[in-house]
C-alpha cells in the first residue's frame, strides 16, 4: 500500500498516499529522505549517511545529528513511519512497497521507450534533481551533482527519442515543445536547433524558424565562441529563400481569438545576455502590468538617448507580459516615414494580424469597422473616397474600441517604439487612447529618444496632457554605472583571459560612458579585430560611427552591399524586398542576410528583418555616396511598387518617398499625391498637407507643360483643402495664390472660378471681408456663366460669412438663404471640393447666427435644427462641429446657456483634434456661457485659450469678438486692467476690419467697464453701442444697452424698453435678470 510519494525532479516535495503534504523541519531532513530514495530500497549504513550529510563535524556528533534527523522524519511521517522507514541493525532504507519516487518512474519510462512512455518521461522531468535544495556538505553536493548529470543525460536521451518519434508520426506541434525542452536542457545541441527550425518551417511559422537561427548564433558565439555549422547556415538560407506567406488565421484566430503574442521575438533582438542594470525599471514596469491585469490600465513613456536600452527593456517586459498570458502588440515609427499617418499604430495592428480576426472586427459594429478600415484597408468596408470629411474622433474611437475588445479576452500590452519619429496623429491617438483605456486591462508603452523630443511637439503635448491627468508614468533611462557596464561586457564577451576581459571592459566604459549599445558594439569590434582607439572629448555619435564603421568594414562585399540596401529601405523589410532591390539571386541574397544576422547587423522581426539598432542603420546610410544612394532608392521604389499589388501593407507614401529620393519625379508626384489623399481620408490633415508639399516640390522638378500646370493646380487645391481643418492660413494663402496664378496662365475660367471661390474663405479668415465679398461676387458671376448651381451657392454662402463679419445681417440672411434654397435633393449633400464643408449646412448656420443677432430666434433655431439634421445624415466631422457651433452661438445670444453648453462641449473636443480652425470660436462662446453660469475659473481658462489659439494660427475672422468676450471674463473676475486692455484691443481690431456688429458688442462692454469709473463715460459708451445696434438691427444688443443705461442714468423708461425687448424675443434668462437687477 502506497504510504509516501516523493517528487525530486525540479525540487523537493513529499506527500502521503492521501495527498497531504509532509512537512519536514530541515533541509538536511529533506536531503536525507532524497538520498535514501535513490535508488529506492537500497540500505545505507548509518556511518555512511552521517559522513555524507554531517562530514564536517566529529563522528559522535554526526551520528547524533543523524539520529535526530531520523527522529524528525518519523515524527513527520506519523503513523506511516514504520511502513516507510526500514531500520535493520546499522542499516537504513526506504520500503519500495510503501514509497513511490518520480525519479524511478522517470527512469522506467525512458527505458520502456514507447511513444507514450517517453511522453510520460518528459512530463515527469520537471527540472534538475532537487533543484533549489542545497546543503553545505561536500560529499552530498558531489553525489547530487553526479545524479543530476546522470538524470539530465537520461532526459536528453528520452526527449531526443520522443522528438524523433513525434516527427515520424507527424505530431509537429508537440515536437516543437519537445525540441524547446531539449534546448532548455542543453542549448548547445545544434542539431536540435536545426530540427526546431525545420519544424517551424513545416508549421508555416517562418518568422519563428528564422529567429531560432538567431538564437543558435547567439548561444554558439556566447558559450563557445564559434559560428553555427555549415549545415545550419544552409538550412537558414533555404528557409529564407522560401516566399513568405501572407499572414493566415491560426486556429486561435479562427476561433475568434487573436494569438496571445505576435511572435515574441518581434519585440526586439534575441537577447544575447541577461538584462543588466535595469532591475528597478523592470520591477516598476512589472507592477504596471500587474495593475493593468487588475483593470487599472496606464500609459508609460520610456525615454532615453539612442542606444540606452529602451528596446531591450520593453523586449524584456514583452516576455514577462507574454508569460502572464497578455496579448502583446508592437508598432514602430521610422525616420524615413515621419509623415505616414498612424504609422506605428497600423504597424502594431498588422503585426497582430487584426485583419484575420473576423469575430473581433464584427464586434466593432457597422459604425467603427469602416473607420478602422481607413487605417487597415485589407479588412474591407472602408468609406469610399470623397464620401465626406473624416471624423478623426471616430477613427481614434475605432482603434480604442479594438484594443478594448482585445482586453476583454485577455490583458493587452501595446508597445509603440520610437514615437519621436511618429506623425502628429499617432501622438494625438496616444493621448486619446491613454484616456479611453485608463479603466481597461491595457498598458500602452511609448518609447522615444529624449534628445529628439524637442522636434516632436505633438508627442510632448500628448505626454504633458496625460501627465496633467495623472494617466502616464515617465520612465527616464539613464546610462549604466561603471560596474554595470563592466558586468555587461563580462556577460557579452565571455573571454577566458581575465586580463583581456578587464582591458575590453575599460575600453567599453571609456567609449560608452554607460551607453549599453556602444558598450556592446565595442565588444563586437574587439571580437572582429576592428577596435579603434578614441581621442578624448569625442562625441558619443562620433564614437558610434567609428566603432560601427570598423565592424562594417569587416563584412564581405556582398554583406556590405545588402546592408546599404537595407539602410536605404529605412524600415523593417521582407527578404524578398531586399533581394529584389539588391538585384541578387535568392541563394546569394540568403547567404548575405545570414552573414548580417550572424554578425549582429540585422535581426529577425517576425518574418521580416531590421537593423539590430537604428544607430547601425544611421552609420550604414551615412557611408553611402549620393549616386549609389539614388540608385538604391530607385531599386527599392520599384521593388515596393511590384510588391504593392499583392501586399496591402506596402504604403504608397514609402514608394513615393523612395521615387523622390531617386529623383524619378513623375512617379514621385503620383505616389505622394495618392498617399496624401489617403492621409486626408484618415483625418491626418497636417500629414496630408505635408505630403502635398512634397508632391508639388517633385512636380516643380519636371519640365513645364500644360498637363503639369493642371496637375499643380489640382494638388494645390487639395493642399488648400487639407490646410483648412487645422487652420493653417499660411498654406491656404500660398496654395490659393498658386491656383489663381496657374488658372490665369492657363486661361482656364473653370479653374479661376474655383480658385476665387476658395479664396473667399481665406480672405475672410485673414480679416479682409470686403476683399472676400469682391472675390465672391467675381466667383459667383463666373459660376452663373457656367450654370454651376453648387458653385453659385458656395459663393453666396461664403459671402454671407463676410457680410456677417461686417455686421450686415440683412445681406447675410439674403445671401445665405439664396444659397441653401437652391441646395435641395442631392445638392444638399454635395461638396464643391473634396474636403470642403457642406454649404447647405454652412449657409444655414450663417443665416441662423445673423437672425440671432437680430433677435429672430424662432427662425434662427429652425435653421440650426435643419443644419444639425443634415449633419447627422452626412456624418462628417466638419458638418457636425459647424452645425452645433451655430446652435451653441444662437443659444448663447438668446441666453439659453444650458443648451449652449450641451452643444458646445462635445464639439470642442472634436475641434481640438483635427479642426483647430474652430477652436477659438467654440471655446470663447463656451467660456462665456460658463461665465454667466457662475463657472468663472473654467470660463477664464477657456476664454484665454481661445484668444491664444486665434493669435497662434493668425485667424482673424471673429477674433475681435473672441477678445471682447475675454475682456468680459476679466471684468466679471474683477481684473479691470486686463479687461480694459483687452477690450481696447478688441475695439481696435473690430474697427480695423470693419466688423461693426462686434464693434457694437465691444462698445457695450466698455460701457460696463466705465460703470466702475464714470457714470457719464459709461452712458456715452452705452449710447454709442445702442446707436450702432439700432442701425444694424441688433435687438438683443439693444436690450442689453438699454438695461445698462437704465442702471447708469436711472431711467425707468430704458429698463422698461429692455424688458419689453427681452420678453418679445423670448430671452428668458436676460428677462429674469433685468426684472431682478436693472444694472
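Each reported figure results from applying straightforward, stated rules to the coordinates on display, with no laboratory input. Given the structure is predicted, the values throughout are model-derived calculations rather than measurements. Positions of Cβ are backbone-derived with ideal geometry, glycine not excepted, and every protein chain shown enters the neighbour counts.
Would you mind giving the average projected area, over all directions, of the Cα convex hull of the chain in nm² with one decimal? Before the final figure, lay out each step's value.
Working: hull surface 220.1 nm².
Seen from a random direction, the Cα hull of the chain projects 55.0 nm² on average.
What order do you get for 597-609, 1013-1025 when each peptide is scored by the mean count of other beta carbon atoms within 10 Å, highest first?
Going by the mean number of other Cβ atoms within 10 Å, highest first, we get 597-609, 1013-1025.
Between residue 97 and residue 60, what is the label-to-label distance in nm when each label sits 7 Å out along the Cα-to-Cβ direction?
4.0 nm
Between residue 82 and residue 992, how many nm apart are label points set 7 Å from Cα along the C-beta direction?
The modelled label-to-label distance comes out at 11.0 nm.
Using a Förster distance of 30 angstrom, determine the FRET efficiency expected from the C-beta separation of residue 177 and residue 283, and round it to 0.05.
Details: r = 30 Å, r/R0 = 1.00.
Taking R0 as 30 Å, the efficiency between residue 177 and residue 283 is 0.50.
Neighbour counts of other C-beta atoms within 10 Å: give me 873, 565 arranged from fewest to most. Provide the component values of the computation, followed by the final result.
Details: 873 11, 565 24.
Result, fewest neighbours first: 873, 565.
In a Debye calculation with equal point scatterers on the alpha-carbon sites of the range 950-1079 and no solvent, what is log10 I(q)/I(0) at q = 0.16, 0.18, 0.20 Å⁻¹?
After summing over all Cα pairs, the log10 values are -0.77, -0.96, -1.15.
Stretched out fully, how many nm does the piece from residue 470 to residue 827 gain, at 0.36 nm a residue minus the Cα gap?
So the chain would gain 123.7 nm between residue 470 and residue 827.
Quick check on the range 617-770: take the gyration tensor over C-alpha atoms, sort the square-rooted eigenvalues as a ≥ b ≥ c, and tell me if it's rounded (a/c under 1.5), prolate or oblate. Write out the running numbers ahead of the final one.
On the way: a/c = 2.29, a/b = 1.88, b/c = 1.21.
Prolate.
How would you order 750-763, 24-37 from highest to lowest mean count of nearby Cβ atoms within 10 Å? Working shown, then result.
Working: 750-763: 24.1, 24-37: 20.8.
The most tightly packed comes first, giving 750-763, 24-37.
Taking a point 7 angstrom from the Cα of residue 973 along the C-beta vector, which residues in the range 911-939 have backbone N less than 19 Å away?
Zone members listed by number: 920-939.
Arrange 907, 239, 57 by Cβ neighbour counts within 10 Å, fewest through most, would you?
On the way: 907 23, 239 19, 57 12.
Fewest-to-most Cβ neighbours within 10 Å comes out as 57, 239, 907.
Ranking 320, 135 by Cβ neighbours within 10 Å, fewest first, what do you get? Display every interim value, and only then the final one.
Values: 320 15, 135 18.
Arranged by neighbour count, lowest to highest, 320, 135 become 320, 135.
If I take R0 = 56 Å and measure r between the Cβ atoms of residue 74 and residue 185 in this structure, what FRET efficiency does the formula 1/(1 + (r/R0)^6) give, to the nearest 0.05? Display every interim value, and only then the final one.
Values: r = 37 Å, r/R0 = 0.66.
According to the calculation, E is roughly 0.95.
With both partners inside the chain, how many of the DSSP beta bridges are antiparallel, as a percent to the nearest 5?
Working: 18 of 45 bridges.
Approximately 40 percent, going by the DSSP bridge assignments.
Need the full-extension length gain, residue 153 to residue 585, defined as separation in residues times 0.36 nm minus the C-alpha distance. One decimal, nm. Each step should come with its number before you reach the end.
Values: separation 432, 0.36 × 432 = 155.52 nm, distance 4.35 nm.
Net length gain for the segment: 151.2 nm.
Pulled fully out, how much extra length does the chain show between residue 624 and residue 951, if you take 0.36 nm times their separation in residues and subtract their Cα-Cα distance? Mind showing how you got there, number by number?
Values: separation 327, 0.36 × 327 = 117.72 nm, distance 4.48 nm.
Here the answer is 113.2 nm.
Out of the DSSP beta bridges found with both residues in the range 1-185, what percent are antiparallel (nearest 5)? Working shown, then result.
On the way: 12 of 15 bridges.
Here the share of antiparallel DSSP bridges comes out near 80 percent.
Within the range 771-794, list the residues whose amide N lies under 15 Å from a label point set 7 Å along Cα→Cβ of residue 737.
none
Give the shape of the range 1-185 as rounded, prolate or oblate, defined through the alpha-carbon gyration tensor: a ≥ b ≥ c are the square roots of its eigenvalues, a/c under 1.5 means rounded, and otherwise the shape is prolate if a/b is larger than b/c and oblate if not.
Numbers: a/c = 2.61, a/b = 1.88, b/c = 1.38.
It comes out prolate by the Cα gyration axes.
How would the range 283-474 be classified by its alpha-carbon gyration tensor: rounded, prolate or oblate, with rounded meaning a/c under 1.5 and the a/b versus b/c comparison settling the rest? Kindly include the intermediate steps, with their values, before the conclusion.
Working: a/c = 1.68, a/b = 1.23, b/c = 1.37.
Cα axes put the range 283-474 in the oblate bin.
Place a point 7 Å from the Cα of residue 706 along the Cα-to-Cβ direction; which residues of the range 719-755 have their backbone N under 17 Å from it?
Residues 742-752 fall inside that zone.
Efficiency by 1/(1 + (r/R0)^6): what FRET value for residue 1064 and residue 875, r their Cβ-Cβ distance, R0 = 41 Å, to the nearest 0.05?
On the way: r = 38 Å, r/R0 = 0.93.
Once rounded, the FRET efficiency stands at 0.60.
Could you give the angle, 0 to 90 degrees to the nearest 10, between helix 976-992's Cα long axis and the longest principal axis of the Cα atoms of the chain?
Taking the Cα atoms of the chain, the angle to 976-992 is about 60 degrees.
Simple spin-label model, 7 Å along Cα-to-Cβ: residue 378 to residue 1073 in nm?
5.9 nm
Mind checking the angle between helix 115-124 and the chain's longest principal axis? C-alpha axes, 0 to 90 degrees, to the nearest 10.
80 degrees
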